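Peer 1: Sharing a structure, written as structure tokens. Questions coming.
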Amino acid sequence: MFDDIIQYLPYKSSFLFVDHITALDENGVTGDYTLNGNAFFYEDHFANNPVTPGVIITEIMAQIGVVVLGIYLVKSGNTKEAVRMDERSFPLLTSTDVSFFKMVLPGEKVTVTSKKLYFRFGKLKCAIEMRNEAAELVAKGMFSGMIRNFPVDERANG
């Protein structure tokens, strides 16, 4: 339904952790991702007993809960923030406070729900939860991030 926003995410396929956006407005976002059992991080985490690393769970939550919502807020024009998106724009995670409650195994589908707490001075802060297909709480936390424009590197153009 809102999957067109995924095209604005600055990640390549091996590090894109968003499959679908099912709800999106100025107050929050819900989306899902199914973990690929052949993903690079399962090979050694843990040998013969693969478990999704906490850093990947955190990244999934950040991509859906902060990056997707932040891009939507900036691109929708429904904000008074002076932030603009262009080819030099990159989302930056500025802080996280995450608690983990359940393991996520290869092949599992997780759903992330984010509620905007505030978006001011270019910084977005959200309360984010991840649930598994049984609707059990996997992780929750507070995330903050911002979109920054980096200068074009003139050396790359010449």
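Peer 1: Ranked from highest to lowest mean number of other Cβ atoms within 10 Å per residue, what is the order of the peptides 43-50, 96-103?
Peer 2: So the peptides 43-50, 96-103, ranked by packing, come out 96-103, 43-50.
Peer 1: Find how much the distance from PHE41 to LYS102 grows on full extension, using 0.36 nm per residue of separation minus their present alpha carbon separation; answer in nm with one decimal.
Peer 2: Stretched fully, the PHE41-LYS102 segment lengthens by 20.2 nm.
Peer 1: Could you give me the ³J(HN,Hα) list for the stretch 64-72, computed from phi with Karplus coefficients 6.51, -1.76, 1.60 and θ = phi - 60°, whole Hz, x at Gly and Pro?
Peer 2: 6, x, 10, 5, 4, 4, x, 4, 4
Peer 1: If you don't mind, another one. With θ set to phi - 60°, apply the Karplus curve 6.51 cos²θ - 1.76 cosθ + 1.60 along the stretch 42-54 and write out the HN-Hα couplings as whole Hz, x wherever there is a Gly or Pro.
Peer 2: Using θ = phi - 60°, the values come out as 7, 4, 10, 10, 10, 3, 6, 8, x, 9, 5, x, x Hz.
Peer 1: Next up: With a sphere of radius 9 Å drawn around the Cβ of ILE128, what net charge do the other residues whose Cβ falls strictly inside it have (Lys, Arg +1; Asp, Glu -1)?
Peer 2: Charge balance in the 9 Å sphere: +1.
Peer 1: Still on this structure: Determine which lysines satisfy two conditions relative to LYS116: a Cα distance under 21 Å, and not lying fewer than 8 residues away in the same chain.
Peer 2: Within reach: LYS75, LYS80, LYS125, LYS140.
Peer 1: Order of 29-37, 65-73 by packing, highest average Cβ count within 10 Å first?
Peer 2: The densest-packed peptide leads the list: 65-73, 29-37.
Peer 1: Another one. Quick one: if the Förster radius is 30 Å, what FRET efficiency do ALA23 and ASN48 give, using the C-beta to C-beta distance and rounding to 0.05?
Peer 2: 0.20
Peer 1: Which ³J(HN,Hα) values in Hz, rounded to whole numbers, follow from the phi angles of the stretch 13-26 under the Karplus curve 6.51 cos²θ - 1.76 cosθ + 1.60, where θ = phi - 60° and Gly and Pro get x?
Peer 2: So the Karplus estimates, Gly and Pro as x, are 3, 6, 10, 8, 10, 9, 9, 9, 10, 9, 8, 7, 8, 5 Hz.
Peer 1: I would also like to ask the following. What does the charge count around VAL110 come to, taking other residues whose C-beta lies under 15 Å from its C-beta (Lys +1, Arg +1, Asp -1, Glu -1)?
Peer 2: -3
Just so you know, all these numbers are worked out from the coordinates, no wet-lab data involved. Since this is a predicted model, take the numbers as computed values, not measurements. No Cβ is skipped: glycine too gets one built from the backbone with ideal geometry, and neighbour counts run over all protein chains shown.
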